[in-house]
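Below is one structure, written out as structure tokens; comments come after it.
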Amino acid sequence: MADFLWWRDGVIYQIYPRSFYDTNGNGIGDLPGITAKLDYLADLGVDALWLSPFYPSPDKDFGYDISDHKGVDAKHGSLADFDSLVEASHKRGMRIVLDLVLNHTSAQHPWFRESSANRTNPKHDWYLWADTIPNNWESVFGGKAWTWHAGRGQYYYHMFVKEQPDVNWRNPAVRAAQLDVVRFWLKRGVDGFRLDVFNVYFKDEQLRSNPFALHGIRAFDRQEHLYDYDQPEMDDLLIELRQLLDQYPDSYAVGETFMPTPENAFRYMGEDKLHAAFEFDFLHSKYDPAQLLKAIIDWEKLAEKTGLFPNYVLSNHDVPRTATRHAKGEDDARPKVMMALLLTMRGTPFLYNGEEIGQRDISLKRSELLDPLGKKYYPFHKGRDGCRAPMQWDSSENAGFTSGTPWLKLHPDYKTRNVEAQQKDENSLFNLTRKLIALRKEYVTLRRGDFIHLENTPKKVLAYFRKDKNETILVVLNFSNKIQSMDLPAPKWAILFSEMRTGKVGAHLKLFPNEVLVLKK
């Protein structure tokens, strides 16, 4: 695989460590657990592991409220465990991407403890403080974004929960300290970073109020956010960050664009900025070929203008799982079609742990919710606990995830839906995923070839060419549970992948219900 660049051509697999695999029986996944499953991940064929936060945290936002950006929470292991994971992953040809949460810290972080002590300490301006509430800014998690701190006698700003105060990125000392966090992990062998809500780092210098907007359930959504994120200073910071990253060959950064559009995601990408940034139109599309095609074409148009490379996400730790959104019951036909789409696109695929076996969200009563978002907005928003349930490894007690009590309950289908069972089933979602990842590695055209939509197909069919100067591959996906007839633009096609047929197909094709077909001219 000459010219294979891991973050562009590979598949990046997101692990939510808390729910992946527990080795010490405390009911919480840990770093040794990830190391123990590296052979599984290598067999699946992924090229990089993106680890959601494992840093010391009081867990007011389950890892995204960090009290030490340079450590490992004891419940997840130690720095030595992390070093072992990096070494073992690299030996298997897999890179490590860390989740960096640099917009805010925990209120228990030493920086905030010092900053909040009084108004004269060395870190007095490392956060955003005000004598009175200066504007109408709202918290994403509900309520005003300014909270009174009695010890300091001032209000502090937090875009998320009150235990997550936002740092003051306009302070040069804060900027230097945050970039030193990046440097710390690069020196430990980390290959890249996913930057949590990176475009909210800077707020308006004058702290002006946002205009009112006529939409949304949350008060946060009923504002036009001109002043609390997407500020112009972000661009210079990303240039500085990229200069740091470029000192480490093949390092990488992808940004989680907060409230993204394709346009603002691309604003932050470039030769001198981020390698990639997320926008989620593809993820939020319905199970509909036309809607998915529009999301793809929007990416492609912007990519053509800029020369940048798209990326695609089906699910993550913040949204209901693919199968929960699209499948009917326990049937994996639709998740298979979506997985095939993800893995045959021109763009870096991100795969969330458990998607390869079609895990569904768990259902929780209000009293069982742990996520602060769900607690605040139930029943309008049931929170993110559902998609964070433990990985289902086998049919044994607790799905083989832990010998203790799981921190979050398991889906009751784990007796039949688990890794062990799907590995043995040739037509499982797991094996479809593994085969298509291998196919993607075999054919550079699937990784970097042009995307060309095949028009004049049935309404419920999405077909597209992946094409370069050497070969043409055609992907045909039937989004319906009925047979669909269509004509192909050449008389003979070799089958590269199908669960339903072998050999070749001719110019006239009858697609089976929910069929996935990858052909070569």
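Here, each number is a calculation from the coordinates, and none is a lab measurement. Fair warning: this is a prediction, and the values are worked out from it, not measured in the lab. In this analysis, Cβ positions are derived from the backbone assuming ideal geometry, glycine residues included, and neighbour counts consider all displayed protein chains.
Here are some notes:
- Dipole-positive endmost among ILE96, PHE451, ASN316 within the chain (Cβ charges, Cα centre): PHE451
- FRET efficiency for GLU397 and ASP318, using Cβ-Cβ distance with R0 set to 30 Å, rounded to 0.05: 0.55
- For the pair ARG92 and ARG188 in one chain, pulling the backbone fully straight at 0.36 nm per residue adds 32.8 nm over the alpha carbon distance.
- Added length on full extension, which subtracts the Cα-Cα distance from 0.36 nm per residue, ARG170 to PHE512: 117.3 nm
- With respect to the chain, whose longest principal axis is taken over its alpha-carbon atoms, helix 429-442 is tilted by about 80°.
- Nearby aspartates and glutamates by direct alpha-carbon distance to LYS441 (threshold 14 angstrom, same-chain neighbours under 8 apart not counted): ASP3, ASP9, ASP43, ASP47
- Of all DSSP beta bridges confined to the chain, the antiparallel ones make up roughly 60%.
- Packing-based exposure ordering (other Cβ within 10 Å, fewest first) of ASP68, ASP250: ASP250, ASP68
- Axis angle, to the nearest 10 degrees, between helix 79-91 and the longest C-alpha principal axis of the chain: 20 degrees.
- Pairwise FRET efficiency - TYR248 versus ASP288, Cβ, R0 = 35 Å, nearest 0.05: 0.25
- At R0 = 51 Å, FRET efficiency that the Cβ-Cβ distance of GLU442 and ALA213 yields, to 0.05: 0.55
- Relative contact order (%) - region 450-520, alpha-carbon pairs under 8 angstrom, separation at least six: 31
- Inter-part distance, region 353-415 to region 74-112, computed on C-alpha centroids, equals 23 Å.
- Spin-label model distance (nm) - ASP331 vs ASP221, 7 Å beyond Cα toward Cβ: 3.0
- Long-range HN-HN contacts of GLN154 with modeled amide H, under 5 Å: HIS149
- Taking all pairs of distinct alpha-carbon atoms in the chain, Kirkwood radius in angstrom: 24.1
- The ranking of THR261, THR322, THR445 from fewest to most other beta carbons within 10 Å of each one's beta carbon is THR261, THR445, THR322.
- Hypothetical label at LYS375: residues of region 95-135 whose amide nitrogen lies under 15 Å (7 Å Cα-Cβ projection): 107
- Projected label distance in nm at THR132 and ARG366, using a 7 Å step from Cα toward the beta-carbon: 3.7
- Shown for region 10-50 is the translational diffusion coefficient from the Stokes-Einstein equation, using the Kirkwood radius over Cα pairs, a temperature of 20 °C and a viscosity of 1.002 mPa s: 205 µm²/s.
- Each of HIS104, HIS225, HIS508 was scored by other Cβ atoms within 10 Å of its Cβ. Arranged with the fewest first, they read HIS508, HIS225, HIS104.
- The chain: calculated mean residue ellipticity at 222 nm from DSSP helix runs of at least 4, using -39500 (n - 2.57): -7500 deg cm²/dmol
- The length gained on full extension between ASP83 and ASP450, counted as 0.36 nm times the residue separation minus their Cα-Cα distance, comes to 128.2 nm.
- What the phi angles of region 162-179 give under the Karplus curve with 6.51, -1.76 and 1.60, with θ = phi - 60°, is a coupling list of 5, 7, 10, x, 6, 7, 9, 5, 6, 7, x, 5, 5, 4, 5, 5, 5, 5 Hz, glycine and proline written as x.
- What the phi angles of region 344-353 give under the Karplus curve with 6.51, -1.76 and 1.60, with θ = phi - 60°, is a coupling list of 10, 7, 7, x, 5, x, 10, 10, 7, 4 Hz, glycine and proline written as x.
- Cross-link pairs beyond the 18 Å C-alpha cut-off, checked among LYS70/LYS375; LYS75/LYS375; LYS328/LYS409; LYS469/LYS521; LYS328/LYS382: LYS70/LYS375; LYS75/LYS375; LYS328/LYS409; LYS328/LYS382
- Across every pair of non-identical alpha carbons in region 93-204, the mean reciprocal distance, once inverted, gives a Kirkwood radius of 14.9 Å.
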